[in-house]
1. For Gly186, are the conditions met, namely being free of Cβ contacts under 8 Å to residues at least 40 places away in the same chain and more than 21 Å from Gly45 (Cα to Cα)?
2. Inspect segment 56-67 for any residue being surrounded by fewer than 19 Cβ atoms within 10 Å (Cβ to Cβ), of a type in the set (Asp, Glu) and either modelled with pLDDT of 95 or more or within 17 Å of Gly113 (Cα to Cα) (or both) and give the result as yes or no.
3. For segment 11-37, give me each residue that is more than 13 Å from the chain's Cα centre (by Cα) and of a type in the set (D, E, K, R).
4. Suppose the filter is touching a Pro at 6+ places or on another chain (Cβ under 6 Å), farther than 27 Å from Arg238 by Cβ and not β-branched (Val, Ile, Thr); does Arg100 pass it?
5. Test Arg164 against the criterion of being over 14 Å from Tyr236 (Cα atoms) and more than 20 Å from the chain's Cα centre (by Cα), and give yes or no.
6. Between a residue in segment 215-235 that is outside any helix (DSSP H, G or I) and any residue that is of a type in the set (A, V, I, L, M), which pairs come within a Cβ distance under 7 Å, given they are 6 or more apart or on different chains?
7. Restricting to segment 1-55, and then to whatever is in a strand (DSSP E or B) and of a type in the set (A, V, I, L, M, F, W, C), can you tell me which residue is surrounded by the most Cβ atoms within 10 Å (Cβ to Cβ)?
8. Among the residues of segment 166-182, count how many are over 17 Å from Gly14 (Cβ atoms) and of a type in the set (D, E, K, R).
Amino acid sequence: MRKAAILNSKGGVGKTTTAVNLAAGMASQGCRVLVLDMDPQGHVGVHLNVQAGPGSMAEMLIDAAEPKDCIQTLRPGIDGILSDRRLERAARILTGESYRETKLRRLMEGVEGYNFVLADCAPGMGILSQNAVMWADEVFIPVSMEFLALHGLKELEAQLDEARKMAGHNVKTGCIIPTFYDRRNGRTEEIMAALRAKFSGLVLDPIRINSKLSEAAAAREDIFAYDPKSNGAQDYARLTLDILNGR
C-alpha cells in the first residue's frame, strides 16, 4: 500500500484537483483508493458532492474514532475520510497534545486493503500537514507555473528536510507535478526548465491549463466522468500511469 501526501506551501496550485482526479484515474486502473482530506475547507467532499458524516477526520484525530467508522464511499473504487470546519477546532486541540505530529500515523496503522492512500493537505506546514507528512511514505507536490510557486517549492523542501531530521521519518519527494501549464505563456518554459534543473528526475509531465477541470469541479465530478476526451482527462490519465509505473 502506497501512502502519499499531496502538499504545497501555496494554495491554488491544484492539490484537491490532483487528489480527486488521480484517485479517479487509479480507480479506473483497478486500484482501490482511500482519500484523506486534511484541509478544514473540505474540498474533496465538495468536489465530489459528498458531505462529511458524523465520523470525519476531526473525530478521528481528536476522539480517536476508528478509521473504519469514518470511511465513506465516494465513488466506485474510491473511499474517503472527509473533513469540514470541525477540523479547524480539531487542529487547535491537536496542537496541545503530546506526540501530536504522529497521531494520524498511529491511528491509520490498522488500515489495509487499499492500493493507494492519498492525503489532500491544506497549504503550508501546519499541524495537519505535519501529520500527513509523518504518516506518508512519499510527497506529491503540485506546482503552478508561476515564479512565486518556485520560491514556495524551495521553502517547502526546506520544511520537509527539517521534518525528516526532527522526526527521523524519511518521507521522500515522490514527484513534482507542474499544473496550470500554458505553452502560450513565455514564462512557462522557463519555469519548467528551472524545475527540471533543480529537481532532476522528479518533475513529471505537466497538467495543462484546461477549463474542463474547473467545470468538472463545479459539476461535482472527476474529470474522467465529466469529459473523458478533454486535455484534463488525458493529462491526469498520463499522470496516473506515470505514478503507478513508478516513473
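The values are calculated or read from the model by the stated rules, or taken from the named source; none is laboratory data. As the structure is a computational prediction, the values presented were derived from the model and not from experiment. Here the Cβ is made from the backbone with ideal geometry for all residues, glycine too, and neighbour counts use every protein chain on show.
1. Answer is yes for this residue.
2. Scanning segment 56-67, I find at least one residue that is surrounded by fewer than 19 Cβ atoms within 10 Å (Cβ to Cβ), of a type in the set (Asp, Glu) and either modelled with pLDDT of 95 or more or within 17 Å of Gly113 (Cα to Cα) (or both), so the answer is yes.
3. Answer for segment 11-37, where residues must be more than 13 Å from the chain's Cα centre (by Cα) and of a type in the set (D, E, K, R): just Arg32.
4. It is false that Arg100 is touching a Pro at 6+ places or on another chain (Cβ under 6 Å), farther than 27 Å from Arg238 by Cβ and not β-branched (Val, Ile, Thr).
5. In short, no.
6. Close Cβ pairs (under 7 Å, with a partner that is of a type in the set (A, V, I, L, M)) amount to Arg220/Leu48; Asp222/Val20; Asp222/Ala24; Asp222/Ala216; Asp227/Ala216; Asp227/Ala233; Ser230/Ile223.
7. In this case the residue turns out to be Leu36.
8. The total comes to 1.
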